[in-house]
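Below: the structure, in structure tokens.
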Amino acid sequence: MFYPRTCMACGNTLFHNEEVVCTSCLLHLPRTGFHKIKDNPVAKVFWGRVNLESAAALYYYRKGGKVQHLIHQMKYSGHKEIGIFLGEFYGANLKKSQYFETVETVIPIPLHKNKLKKRGFNQAEMFARGIAATMDIEIDTDTVYRDVETSTQTKKSRYKRWENVSDIFKLRDSDRLSEKHVLVVDDVITTGSTMEACVNTLQKIPGIRISVVSIGFPVH
Ligand SMILES: [Zn+2]
């Protein structure tokens, strides 16, 4: 595969031994370290809403920052390799975390098929693929699917957003996930309402344990 030889975060030219994100950015991008802390801010987003094993995010996300730039390059400019690269990087961290080491299956938050057609790929799936590869576990893109296409979320209140997503996910052949520890992944966790809806649906599966991670977690 051919990648443009510039860093997707800062735009500087990559050295021969570098791929996707340069060494300097990898060192300086704002990692949260949440995978080592049980009651971290991502976990707290879901307190009183859904019961999770563990929750974390790779980076803090600021408006106009490099992490936002990376996610935008992935989502809107078709740079799938960013998701895979960050997933591989994060997977190596999660594998060493006592909270995530028992994860058996990675599940990307599904896009509705119309949106998938429009965008060409699911950015969460790219991140999931990278994580699954370095953790040496399977990825599941079939069991949970998006049944309803939701309208844009940005200008709605939290309740409206929840109402908008509360019943959008469905399950098929869900027996394969019973008794498993699954990791649901998305690009960004903000209000957590989409993730909450997906987790609620998955929790209908007997004995399932659910953890969640994202690439970015916004700093306010
Ligand atoms: Zn860079």
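Results, tabulated for the structure shown:
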quantity	calculated
In nm, spacing of pseudo-spin labels at K38 and D173 (7 Å Cα→C-beta vector)	3.7 nm
Most mobile of I139, I205, I107 in a GNM of the chain (Cα contacts under 10 Å)	I205
Solvent exposure ordering (accessible area, 1.4 Å, most first) of D147, D173	D173, D147
Entries of K36/K115; K115/K180; K38/K117; K66/K117; K96/K117; K117/K204 with Cα pairs more than 32 Å apart	K36/K115; K38/K117; K96/K117
For peptides 210-218, 28-36, sequence by mean Cβ density within 10 Å, most packed first	210-218, 28-36
Where F169, F89 fall by accessible area, highest first, once all protein chains stay in place (1.4 Å)	F89, F169
Separation of the N17 and R119 label points, Cα + 7 Å toward Cβ, nm	3.5 nm
Fraction of alpha-carbon pairs over 26 Å apart in segment 1-138 - percent	26 percent
Stretchable slack from L26 to Y145, in nm (0.36 nm times residue separation minus alpha-carbon distance)	39.5 nm
Point-charge dipole on Cβ atoms (K/R +1, D/E -1) for the chain, about Cα centre, debye to 20	940 debye
For the chain, accessible area per residue (1.4 Å probe, heavy atoms of protein chains only), Å²	51 Å²
Calculated from backbone phi, Karplus (6.51, -1.76, 1.60) coupling profile of segment 17-25 in Hz, x at Gly/Pro	8, 9, 9, 6, 10, 6, 4, 5, 5
Solvent-accessible surface (1.4 angstrom probe) belonging to K38, in square angstrom, nearest 10	100 Å²
Other-chain or far-sequence residues with amide H under 5 Å of F169's (modelled H)	D147
Under 5 Å, built H, 5+ apart or other chain: amide partners of F217	Y59, Y60, Y61
Debye intensity ratio in log₁₀ form over the Cα atoms of segment 14-60, taken at each q of 0.21, 0.22 Å⁻¹	-0.72, -0.75
Choice from G130, G87, G192 with maximal GNM fluctuation in the chain (Cα, 10 Å cutoff)	G192
Karplus 3J(HN,Hα) series, Hz, for segment 192-203 with 6.51 cos²θ - 1.76 cosθ + 1.60 (x for Gly, Pro)	x, 5, 5, 4, 4, 4, 5, 5, 4, 5, 5, 5
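The values are calculated or read from the model by the stated rules, or taken from the named source; none is laboratory data. Only a predicted model underlies this, so the values are computations on that prediction, with no experimental measurement involved. In this analysis, Cβ positions are derived from the backbone assuming ideal geometry, glycine residues included, and neighbour counts consider all displayed protein chains. Heads up: the accessible areas ignore ligands, DNA and RNA and are worked out on the full protein's heavy atoms, side chains in. Shrake-Rupley method; radii C 1.70, N 1.55, O 1.52, S 1.80 Å.
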